[in-house]
Each structure stands twice: as structure tokens, then as C-alpha cells.
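Just so it is clear, none of the values below were taken in a lab; they were calculated from the coordinates. Source: prediction; values computed, not measured. Please note: Cβ atoms are built from the backbone with ideal geometry, for glycine as well, and neighbour counts cover all protein chains shown.
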Amino acid sequence: MDPMTFSIIRHRLFRIIDEAVITLKHVSGTAITNEGHDLMVSLYRADGTLLMGGVGFLHHLTSAAEACKAVIRRFKTDIHEGDVFLLNDPYTAALHTSDVYLVSPIHHAGKLVAWSACFVHVSDIGAMNPGGFSPDSRDIYTEGFSSPGIRLVSRGEIQQDVLDTILNMVRSPEMVSLDLRSMIACNNVARERMGALIAKYGADLVDEAGATLIEQSERQFRARLAELPDGSWQSRQYIDVNGETACVRLTMTKTGDELLFDFSGSDPQSRNAINCTKWASLGGLFAPLFPLLCHDITWNEGAIRPVKMIAPEGTIVNCIRPAPVSVATVGAIQSVNNAACATIGKMLSASEKYRDEASAVWHANHFAIFMFGRNRKGQYAIDILTETFAGAGGARSFGDGVDIGGEMPNPISRMANVETAESAFPILYLFRRRAKDSGGPGEYRGGTGGEMAFVPHRSLDGGMGFVISGKGARHPMSDGLAGGYPGVPNRYIRVGKADTGAAAHLTARSLDDTAGERQPISWGMSALNDGEALYLRWNGGGGYGDPLRRDPARVQQDVETGQVSDEAARDIYGVIGDASGVNLAATEARRKELRKTRLSNGVRK
Amino acid sequence: MSGKYTNFILPTVAVEGSRGAGQAYCATCATALGEPGAHWKTGSVLTEVALADIPGGGYDTGFPGVFLRHFCCPNCGELLDTETSEAGEPALADALVLS
């Protein structure tokens, strides 16, 4: 087809998604959507295959394609212009019940020509724990409302009985209603803009452009793979929650122009809700693959075709119904994402041509903390602490990871202002900042993560409730690359009341300033009562290269800005300095000593 | 790092040879890592450090049993690779397929 027309249509498809994303986040009223950007919008062809992947959480691009296909299978010829279908069953396509998909057929002249699909993490889904992450669940039946496909809008009319039934099962019906309506608005915008595009260029030409885009992506991706070395690279990711340790194990093999992700050897499915389904694993591995290997290639079905996955049934990465999966998005899915990021990073680093596109693993332990309870106005409030979206970048072969630099699987993730959380809940932040020593040491340092603490403040009920989940706090997860260290593990501490009174923590500017009993807490539903404090530290990115190769001046600068401790500077980086600067002779001697120690203390394999 | 190699498993580990008999080398000092055909980590020096003992204190979770493995060149002491591991876990085995 005419290359100019092809390019115009391609860019229009990008812009349609952009406008739909703007609509989604501006209509939704929840911090998780319009501040954290825990959302996704994409376009799909008439058969449900991915046409144009959008931004937001990339884990969903392939799963939403499966959602479209599931709706096609279920409703067959009973799909009409103006319909909107809701799907959130993880064993059909979704990642977990609280990530609700709304998929809308797009018709032209009475014929189904495409689909738009979007998701947000609704503020509640009626699971046994508030907020949609339900760490106490032991099966899918206790994880809230779950639909393998239901018509929410019929020919442009909301099915009020369906909507009311859903809202009757959730804790914050007003906010969930707004979430659902924001997705309907988003799909309406996508449908209208697609309609305008087709009206201008014709359905056949737009469809031909879509088919060409997919063919182009497959050709470009296969060509890139063919340039990379053949080999296999391995990674492992631990999860440690509720007294149980599980491991996701990956061998990624690249042969010619194809990639195989083999999760054989991963642990059996867990009694805890950290498991994920096979669709979720597929989404998990594509989330780092798209930005790392296809940053200049359109994310669509063509980029999916060269990739195969083995995920043995009954394991933590392909669990069998009714295994619990409520925490999957911060559990096994993210472990799959991290493992894939690590192996892709190794493969890229093995190529002199592509080495500068390799990355150590980014912020790898995405915690989930949902606060719930009455706000200062006496209304029930429930939402996530968005700091987990702030992330940290992995180091590269030429530079440090970005401090508080976001997340690999969500190019638009971010955290809300402190004031947003303080206005939503009766809490007061004591501090929020970059966390010392949190970025993985290396010739290039992993981006630093953050630390924060808050206390209940002017609460009507003597405090707030919170639900915490994730992958635990015992293991580093942001793997380093080429000798770089991983970012430090997460840390969650509930600090008890101090003997000096309920207001004792208000002047604390660090965890060390707090006086109460410290209780590590990483899983389940808890209370944060007046006089107590909650401290959180999230992991930095992985480092790249031997820390003894880092420019001493940059280490000294990190010490001066509070990102690296004196001890780490001396004993990991081998840099000796003080306020007047680096002592180069002492540094050279210290580095020589540390290299010697490595050999004398180590075991010859 | 050395510019004499064209095949790498990682930026720090080069390999030469043919299928089944590749020889790995430290990319910094060209020291052979293990026997031809054997995995390069068998020719490295391994130090397994408990998280609590990593300087700076940021890695100390208060729980024993998790380690950071350091694989170093036996000659120059270059840190070639790291792994987070629980005790007894086999080493990760990255490998090139040579033509």
C-alpha cells in the first residue's frame, strides 16, 4: 500500500490509543488509575489479535487479546454495535479479578472490524480482603466477583441490572462505578475515532494497514533476533510470603529468529494467592520484551509470533483452577517479568551491537498496600498507596539506572503527591525520599528506590486498616548484570506506640528516630492505630558491571548526596574519601585489597 | 575490557571454539575459565556472602539462608557475575550455542 497512507494510519492508531488513555484517567476518580496509571488501552483486530499495543501496564496487552477472543467465542453472532463486555476471570484471560477488562466491538457498516480493550484496577472487587489484592484467599471463590464475559452495555445502553449487581458486591460502589464508566468512556472514544479513521480511508484500507503493520513487526523482530547470539540464559526469582518460599525458574533460549521462554522447574502452585495463570505468564514475559527488544517496533501480533512459552501446568506460573491468584500481579507475574528482563538483558549484553540496549532488572518487588476505613469526612475510603509505582531503573552498560525511575512493565507509571494520599486518608507522612544504599552497586549503579513513613492523623476511628501483599521482603529481586549487584530487598515495618505518647513519631525523620517496637509485616490485613507508624522501603534497580570499576568521583558524589553509605563506598566500591574529596592512592590500594580478598576468600569452582 | 573477542556469554565472559568444545575466557584478562566444553563458572572463584554480611546493611533482612554469589576471575579478581540464591541452589548456567 502507499507508504504515506500507511504511515498516516499507523500514527492515527497511536493517537487513538493516546486519546483513549487520557479519557480513561481523567474520568476515573481513583488514585490508582489517574495518579498511578495502573491502566492499559489497546486496539485489536476483528479476530481479537493484537493490532496496536498501548501504554500502561504491558502485562495486559496479550491477556486483553485473549479476553477479546473469549468474548468472540462466548457471544459468537450476538455481538452488536455499541456493546461493551466485561471480563475479569483470571482463568479465562484476566490477570486477577480486580483488573477488570472492558472490551468493545468496533463496527463499520454493520460489520465487526476491530475491538478496543482497556482495564483499570478497580478500587474493590468484593474479595475477602478490601482492595482487590486478597492475601487471605485460599481459592478463586474468595477473590470477589469474577466473570468470564458479561454484557455491560447493550447497543449503547448500560445494562443497569448488570451494573447494579456488580456494584452490590463491592465495598466502594461509587468509585467502582466511576472506574467502570471511565472505561466505557475510553472505549467510546476509541470506537468513535476508529470510526472516523475508517470513514476517511475505508475499512478495507485500514484493515490492510493493520495486516501490514503486523507483518512489518514480525519481519523486524525476527531480523533483530537473527542478529543476536544463539544461546540460553537463565534466571530465578524467589517469592517469600506467609511462611512459604517459592521460586520461578526460567531458561530463555534464542535460536535463529525465535525465542523460547521455558519455565520448567518452577515450583508447584502455592496455597497463597501469588500464583498466576498461563495467560498472565505470557503477559508477564512480554512486558519487558516489548520495551527491550521492540522499542522501535509496533507492539502487535507480529511481535508475538516469534515467541513461544513453556509453563508447566500446576506450577506457580500456570496454576490450575481454583488456585488463588489475587496477588498475581505483584506475585508470580512480576517474577516472570523480572526473570524475562534478566535473561533478555543478558542476551542483549552478549551482543556488542546491542549491549547498550541491555538493562539490569528494574524495580522488581512491586508491593501492594491498600488503605481502607473512614476518611476525615466519615466516608468509607479505599485505595492503593501509589509509591509502589515510583519504582527504580536498572543500570545500563553506559549509565546509572534512574533514581525512583518507574517500572519496566509500565512506561507511564508514577506516584501521587503526598498531599493526595493525605487528603484521601486520615494519615500524615513523616518523610518520603530516596533510600540510601537501595540501588544495586555496580560500575553503573542501579537507580535508588525510596523510603517513607506515615502515621494515622485525625482519624475518626483511632486509625486505619491496610492490606499488604507482594513477594515478601527476604530476597533481592532486581538482579544485577555483568557483575552488578541486585537492588536491596524491600522492607516493611510497623512501629508500635512509643512510651512517650501517641504523638512521639511526629518528629521522626527516619526509621531510627522512631521509638516503638518494630514489627516486620509483609502479608495480610492489619490495623495501623493512632500512635503507630508504618515504614516502607522499596527496592532499587540492579547494578551493571563490577562495582570496583565505578568512577571514584561518582561514588563520592553518591555519598555526599546520601545515596550511598560510607561503609558501602569503602567496602563494596573500594573508595576512600572524605569531605575534601577522593583519596585516589588510598582508593587504588583499597580496590587492590578487595580484589585480593575475593580470591583468597572464594572457592575455586 | 578486551577487544580481542567476538563471542560473549556475558560482557564479562568471552568464548571461543566450536559446538560442544567452546572455551570461556575472562574478557578482562583473557584467563581461561575452566576446561573446554565445561561451563565457565566451573573455572571461576565463587564467594557466597550472606545478605546480612554485605556492607552497608541495606541487604540485611534479618533472615538467614539467602546469599549473594560472586563469581570472579581466578586471575584478575574481576567480578564476572552475581546471583541471588538460597543454599544448595544450582548455579545459573548461561551458555552460547556456537556454530
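Enumerate the residues in the range B:2-40 having an amide nitrogen under 19 Å from the point lying 7 Å beyond the Cα of A:Phe398 toward its Cβ. Only B:2-3, B:11-12 fall inside the zone, counting backbone N under 19 Å. In units of the compact-protein estimate 2.2 N^0.38 Å, the range A:219-270 shows a Cα radius of gyration of 1.52. Taking other C-beta atoms within 10 angstrom as a stand-in for reagent exposure, A:Tyr91, B:Tyr59, A:Tyr141 fall in the order A:Tyr141, A:Tyr91, B:Tyr59, fewest first. Full extension of the segment from A:Phe6 to A:Ala196, taken as 0.36 nm per residue of separation minus the current Cα-Cα distance, would add 66.8 nm. The mean of 1/r over all pairs of different alpha-carbon atoms in the range A:549-601, once inverted, gives a Kirkwood hydrodynamic radius of 11.0 Å. Applying the criteria of a DSSP loop state and at most 16 other Cβ atoms within 10 Å to the GluC sites (Glu not before Pro) of the range A:272-357 yields A:Glu313, A:Glu352.
Ranked by how many other Cβ atoms sit within 10 Å of their own Cβ, fewest first, the residues A:Glu218, A:Glu560 fall in the order A:Glu560, A:Glu218. On full extension, the segment bounded by A:Leu260 and A:Asp566 gains 105.8 nm, given 0.36 nm per residue less the C-alpha separation.
Size estimate for the protein assembly as shown follows the Kirkwood approach: the inverse of mean 1/r over distinct Cα pairs works out to 25.9 Å. Just so you know, the Cα atoms of the range A:339-427 work out to an Rg and Dmax of 17.8, 60 Å. Neighbour counting of Cβ atoms within 10 Å sorts the residues B:Ser99, A:Ser522, fewest neighbours leading, into B:Ser99, A:Ser522.
For a straight C-alpha distance cut-off of 23 angstrom, the lysines reachable from A:Lys353 (same-chain residues fewer than eight places away being disregarded) are A:Lys254, B:Lys4. Taking a span of 18 Å or more along the helix axis (Cα atoms) and a mean Kyte-Doolittle hydropathy of at least -1.0 as the rule, the DSSP H helices of chain A that qualify are A:3-27, A:60-75, A:173-201, A:203-227, A:278-293, A:332-349. Between A:Leu599 and A:Asn417, the contour length at 0.36 nm per residue exceeds the Cα-Cα span by 60.7 nm. The distance between label points at A:Thr507 and A:Ala586 comes to 3.5 nm (points 7 Å beyond Cα on the Cα→Cβ vector).
Here the alpha carbons of the range A:507-558 define both size measures, Rg and Dmax, at 17.7, 48 Å.
Scanning residues 5 or more positions from A:Ala392 or on other chains, those with amide H under 5 Å from its amide H are A:His363, A:Gly405, A:Gly406, with H placed 1.01 Å from N in the peptide plane.
With a simple spin-label model that places each label point 7 Å from the Cα along the Cα-to-Cβ direction, the separation between A:Tyr141 and A:Phe75 comes to 2.9 nm.
Listed by chain and number, the aspartates and glutamates placed with their C-alpha closer than 15 angstrom to that of A:Lys308 are A:Glu218, A:Asp257, A:Glu258, A:Asp262; residues fewer than eight positions away on the same chain are left out. In loop segments of the range A:50-117 as defined by DSSP, the trypsin sites (Lys or Arg not before Pro) with at most 10 further C-beta atoms inside 10 Å of their C-beta are A:Lys76.
Divide the volume of the convex hull around the Cα atoms of chain B by the residue count and you get 97 Å³ per residue. Indicate the gyration tensor shape class of the range A:3-219 (rounded, prolate or oblate), computed on the Cα atoms with a ≥ b ≥ c the square roots of the eigenvalues: a/c under 1.5 is rounded; otherwise a/b larger than b/c is prolate and the rest oblate. Prolate.
Dividing the convex hull volume of the alpha carbon atoms of the range A:262-340 by its residue count gives 85 Å³ per residue. A Stokes-Einstein calculation at 20 °C with viscosity 1.002 mPa s, built on the Kirkwood radius of the range A:29-137 over Cα pairs, returns a diffusion coefficient of 150 µm²/s.
For a modelled paramagnetic label at A:Asp47, 7 Å from Cα along Cα-to-Cβ, the residues of the range A:103-126 in reach, with backbone nitrogen under 16 Å, are A:112-115. Here's the list of lysines a cross-link from A:Lys25 could span, going by alpha-carbon distance under 29 Å and ignoring same-chain residues fewer than 8 apart: A:Lys69, A:Lys200, A:Lys278, A:Lys377, A:Lys471.
Between the range A:508-548 and the range A:282-350, the alpha-carbon centres lie 29 Å apart.
Take the range A:360-545, drop everything but the C-alpha atoms, weight them equally and run the Debye formula without solvent; then report log10 I(q)/I(0) at 0.11 Å⁻¹ to two decimals. Result of the Debye calculation: -0.47.
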